[in-house]
Structures are given as structure tokens and as C-alpha cells.
Amino acid sequence: MNELLTKVLEAHGGLDNWSTVKGLTVKLSLDGPFWDGVGWPEIRRQQTLSVDARHERTRLTPFVGDGEIATYESTPELIRVVAADGSVLGESADPRPTYPEYTPEAKWDRVQLAYFTATANWNYFVEPFLFTYPGVQVEEIEPWQEGDETWRRLRVTFPANLPNHNPEQTFYYDDRFLLRRMDYAPEVTSNAPIAHYVHDPVTVDGLVFYRRRMVHLRAEDGTADRSWAPIEIGTDEVVVERD
């Protein structure tokens, strides 16, 4: 394990602490014009996200309609949305190829919306401990100058069995080894380059999480357009479940 990753893990609570975590229950809210753009302004409401800490498995409720539940399992892959009465509103065992080309007019169905939301948020809440999971490759790359701060960076490559926005991403850490930004290019939005900033760290049961996330577009020179945020994610509460 490289020196930067070791310090990042320690700053976020430590691997020993994480090793006894079974799951997380998160109260979150989603906002920003992105959701309207893909046809789902209704997703802007408080939701409860249940996260399995050891496998890419999530449960999100209420999803779009009252009582709806969206569940995701990566192995074997299955995304499913069910109504309050238990009827299946949609499901897919291979959702990624179903997305339309991403344009301002492109709309998503319930299952596509659920897959994007589930896989993104599982990764957000399991990082940085996710970087130690089997098949994940991590290397330190050249630092980044952000204003008067120098942020060290990790390039992380995720295996196919851990679906994410895209396989190779970059994570930025300050002098306290806390996350400040992450870069990725979601395959389902035609690899639009993203600079995702995190704010307001909070410690829960010895682990560090981020209460506010702002997703910005990223220019070719690596700078972010912080004048607007297509997606905003607010975290109101995190409950840690242990063995």
C-alpha cells in the first residue's frame, strides 16, 4: 500500500475501524438541474440509502414515487425498482448498455435513473476504504495546485465487478489527507468530464463522511467550472452498522 493511501485511510478513521462495519444507513437529498434534464425532477426529495459496506449492494427508498424501493446488486448484477404494493416497475441484469446517447434531450427510464444513483452513491460512501478491495489499483500521481493549496492525488482504477462512473478516476487530498475533489467521466453521460468537490466533513462513529457534494463540469486543463453545479448531494445523517 502506498504512503499517501495509508495516510488517507488513517485520516478517514482507519482500516481496523472500517473492518467491523457491516453497512451504512444514510439520509440524503439530491438536487440540481441534471435530474430535470433526464426527466426526473421528482427525485429531489429526502431519501434513505442503505449501503452494504462489503459488497456493492444498495437499497434506496422512497425512490421516485411514494413507497417505491430501488435495489441494486453488483454480483450477479441486478437493478430493480418496485412499487409500494410490491409490483416490479422495472429491472435489468445489464443496465449500462441500455442508456441513450447523452444529449440535452435524452431521457432516462426508472431503471436507468436507479442504476446511476445506486452505483454512484455506493462508491461515494464506501471510499476511501473501497480502494483496498480486491482488484482495485491505486497509484499516486503528480500533485495539483488549487489556489494557494497543494493537493496530493491518487489515480484509482476499479475492476469490472465494482461498477462505478468509469473505471479510472482521480482523488485529491489536502494536507490533512481529507478528500477535497474527485474527477471522473461517467460512461452513461457520454464521458462528460466531471470535477466533484466535497465539503463539510463530519465524523460518525470514528469514520469521516462528507455532508455536501457539488458536481461541476471539468475543462481540458483540469479546472472546474464552479459557477454552477448540475448535481448537488446533501447528507443529513449517517448511521454506521457493525457486526
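Any read-out appearing in this document is the output of simple, stated calculations on the displayed coordinates, not a laboratory observation. Worth saying up front: this structure is predicted, and the values here are computed from it rather than measured. Using ideal geometry, Cβ is built from the backbone for each residue, glycine included, and neighbour counts are taken over all protein chains shown.
Each residue, residue 78 and residue 176, gets one label point 7 Å from its Cα in the Cβ direction; the gap between the two is 4.3 nm. Where in region 105-133 does the amide nitrogen come within less than 17 Å of the point 7 Å from the Cα of residue 19, taken along Cα to Cβ? 129-133, by backbone N distance to the label point. In terms of other Cβ atoms within 10 Å, 175, 183, 36 run from fewest to most in the order 175, 36, 183. Taking Cα atoms only, the orientation of helix 110-126 departs from the longest principal axis of the chain by about 30 degrees.
Net charge around residue 146, counting only other residues with Cβ within less than 15 Å of its Cβ (Lys, Arg = +1; Asp, Glu = -1)?
Details: positive: 152, 153, 176, 180, 181, 218, 226; negative: 142, 148, 149, 174, 175, 183, 221, 225.
Computed value for this residue: -1.
Around residue 184, what is the net charge, scoring Lys/Arg as +1 and Asp/Glu as -1 over all other residues with Cβ under 12 Å from its Cβ? It works out to a net charge of -1. Its Cα centre serving as origin, the chain has a Cβ charge dipole (Lys and Arg +1, Asp and Glu -1) of approximately 340 debye.
Taking a Cβ cut-off of under 12 Å around residue 159, the surrounding Lys, Arg, Asp and Glu residues balance to a net charge of -2, with basic ones at +1 and acidic ones at -1.
Full-extension gain between residue 2 and residue 139, please, as 0.36 nm times their residue separation minus the C-alpha to C-alpha distance. Don't skip to the answer; put the middle values down first.
Details: separation 137, 0.36 × 137 = 49.32 nm, distance 0.72 nm.
Here the answer is 48.6 nm.
So what is the relative contact order of the chain, in percent, for Cα pairs below 8 Å that sit 6 or more residues apart?
Values: 510 pairs, mean separation 51.2, N = 243.
Averaging sequence separation for qualifying contacts and normalising by length gives 21 percent for the chain.
Backbone phi angles across region 196-206, fed through the Karplus curve with coefficients 6.51, -1.76 and 1.60 (θ = phi - 60°), yield HN-Hα couplings of 10, 9, 10, 9, 6, x, 9, 9, 10, 6, x Hz in residue order; Gly and Pro are listed as x.
Could you list 109, 221 so that the one with the fewest beta carbons within 10 Å of its beta carbon is first and the one with the most is last? Mind dumping the intermediate values first?
Numbers: 109 18, 221 5.
If I rank by nearby Cβ atoms, fewest first, I get 221, 109.
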